[in-house]
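Below is one structure; the comments refer to it alone.
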Amino acid sequence: MVKITAQNKQFGMSLVELMIAMTIGLILSAALITIYVSNKKVFWDSEAAAILQENNRFVLKLITNDLRMAGFYGGVDYRLLDKKVTDLASGACKRGQMVNQSSNEFEGGVATEFEYDISVWAVEAGEQVPSCLAGLDVDPNADILFVKHARKKPLDSGVSASSSKTYIISGHDGGEHVDGTGDTSLEGKVSAAGQYPDGDIWEYVYHAYYVDKPSGSVYSQLKRIKLGKTGWSSPETVAEGVEDLHYIFGVHDSSVTGSGMVTRYYSASEVTTAGKWNDVVSATIYLRGRSTMSDVGYADEKTYSYGKRSGYTPSGTDARYHRKLLETTVSFFNNQLEQARR
């Protein structure tokens, strides 16, 4: 009888099977990495777009709120204000003029008093930068905006009037523009025995908005300065990624209508040429925002045309930034009322 013995068998994976398994594993790993990188890019792009959108909307809200208050001086007709004589340097930044005390109207002359009838004015891109912004990194390719008014809410009783600011005291029959004292002594003027009984004390606000862009830099911010008792403040950063601000102003022509409504639209330089700053009643604001980080895989090929700006098309490395153009219109209610009663 022949005895048959079983042959030894090899168990496990062959070299070919191992290589196939490794190849499949590498393909799956590459796919997972691609999905991860893609999702991460989408996340960062979405976050950058959200930040850009939020910054732009914040800027528009801040400026429109300022413009809506333009020409408000505590409920007092500016003609009835005892004007604050200031020792600030004269020039367009202060918009100062002498006032004819008999007619209560402003007229040309030495700039020694605050000027209230022009509550909004602007300098168009490409024009000479005003003296109060000299030495700052003002981007000459963006408009500069100036707004003045009393703050929305008067000082609460017992709150000191800052010694670095000026205030408008309003009463039933007029008011005056005074320096802050650093204490509560101004409340004596609105007490029952004071000059303006039952009156209010309002902080005077004068803001200048400009786009800050250092020479040779691709990085821009919106900045703001404020007029105090003795001069302009240091710049404060409002928002990042503001590349351009452009304003178109609605002007009321009393020879056309006495309603205070817009009869024509001007750029800032056109308003200046026409001498119509005390007739502006609205503004359309164009804001071109840009992401603060470049995207090497992105190319912005759009042409941005708005207001009276010539078309802008990014090129070179400048096209690697995401951009968004926003627009809004705001009415100057106090200026409209002023125009309607003229």
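Among the numbered conditions (1) touching a residue at least 40 places away in the same chain (Cβ under 8 Å); (2) in contact with a Lys or Arg (Cβ under 6 Å, 6 or more places away or on another chain); (3) in a loop (DSSP other than H, G, I, E, B), the only one that Gly289 does not meet is (3).
When residues in the stretch 118-170 are screened for being of a type in the set (Ser, Thr, Tyr) and part of a loop (DSSP other than H, G, I, E, B), 6 of them pass.
Among residues of the stretch 32-61 that are among the aromatic types (Phe, Trp, Tyr), those with a Cβ under 7 angstrom from a residue that is at pLDDT 85 or above and surrounded by 10 or more Cβ atoms within 10 Å (Cβ to Cβ), sequence gap 6+ or separate chain, pair up as Phe58/Ala239. Against the test of being modelled with pLDDT of 90 or more, more than 26 Å from the chain's Cα centre (by Cα) and not hydrophobic (A, V, I, L, M, F, W, C), the options Asp156, Asp87, Asp82, Asp77 yield a single qualifying residue, Asp156. I'm checking my understanding of the structure. Among residues of the stretch 140-171 that are of a type in the set (A, V, I, L, M, F, W, C) and closer than 21 Å to Gln195 by Cα, which one is surrounded by the fewest Cβ atoms within 10 Å (Cβ to Cβ)? It comes out as Val159. Annotation for the stretch 103-114: no member residue is within 21 Å of Asp279 (Cα to Cα), under 19 Å from the mean Cα position of the chain (by Cα) and either at pLDDT below 90 or crowded, with 21+ Cβ neighbours inside 10 Å (or both).
Residue-wise test of (1) surrounded by fewer than 15 Cβ atoms within 10 Å (Cβ to Cβ); (2) hydroxyl-bearing (Ser, Thr, Tyr); (3) out of contact with any Asp or Glu (no Cβ under 9 Å at 6 or more places or on another chain); (4) farther than 30 Å from Ile51 by Cα.
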{"residue": "Tyr286", "(1), (2), (3), (4)": "no, yes, no, no"}
{"residue": "Glu301", "(1), (2), (3), (4)": "yes, no, yes, no"}
{"residue": "Tyr304", "(1), (2), (3), (4)": "no, yes, no, no"}
{"residue": "Ser310", "(1), (2), (3), (4)": "yes, yes, yes, no"}
{"residue": "Tyr321", "(1), (2), (3), (4)": "no, yes, no, no"}
{"residue": "Glu327", "(1), (2), (3), (4)": "yes, no, yes, no"}
{"residue": "Asn334", "(1), (2), (3), (4)": "no, no, yes, yes"}
{"residue": "Gln339", "(1), (2), (3), (4)": "no, no, no, yes"}
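Out of Val218, Val211, one residue alone is assigned to a loop (DSSP other than H, G, I, E, B), among the hydrophobic types (A, V, I, L, M, F, W, C) and within 24 Å of the chain's Cα centre (by Cα). It is Val218.
Just one of the numbered conditions (1) touching a residue at least 60 places away in the same chain (Cβ under 8 Å); (2) touching a Phe, Trp or Tyr at 6+ places or on another chain (Cβ under 9 Å) is not true of Glu127: (2). Total residues in the stretch 230-246 satisfying the condition of being part of a strand (DSSP E or B) and closer than 13 Å to Ala208 by Cβ: the figure is 4. Among the residues making up the stretch 292-318, those that are in contact (Cβ under 8 Å) with a residue 24 or more places away in the chain, of a type outside the set (Gly, Ala, Ser) and within 21 Å of Glu124 (Cβ to Cβ) are Tyr306, Lys308, Arg309, Tyr312.
Conditions tested, residue by residue: (1) modelled with pLDDT under 90; (2) within 30 Å of Ser164 (Cβ to Cβ); (3) loosely packed, with under 15 Cβ neighbours inside 10 Å.
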position	(1), (2), (3)
Ser185	no, yes, yes
Gly199	no, yes, no
His207	no, yes, no
Ser254	yes, no, yes
Gly260	yes, no, no
Thr263	yes, no, no
Ser282	no, no, no
Gly289	no, no, no
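Among the residues of the stretch 183-206, those identified as in contact with a helix residue (DSSP H, G or I) (Cβ under 6 Å, 6 or more places away or on another chain) and either in contact (Cβ under 8 Å) with a residue 40 or more places away in the chain or among the small types (Gly, Ala, Ser) (or both) are Gly194, Gly199, Ile201.
The values are calculated or read from the model by the stated rules, or taken from the named source; none is laboratory data. All of these numbers come straight from a predicted model, not from anything done at the bench. Ideal geometry is used to build each Cβ from the backbone, glycine not excepted, and the neighbour counts take in all protein chains shown.
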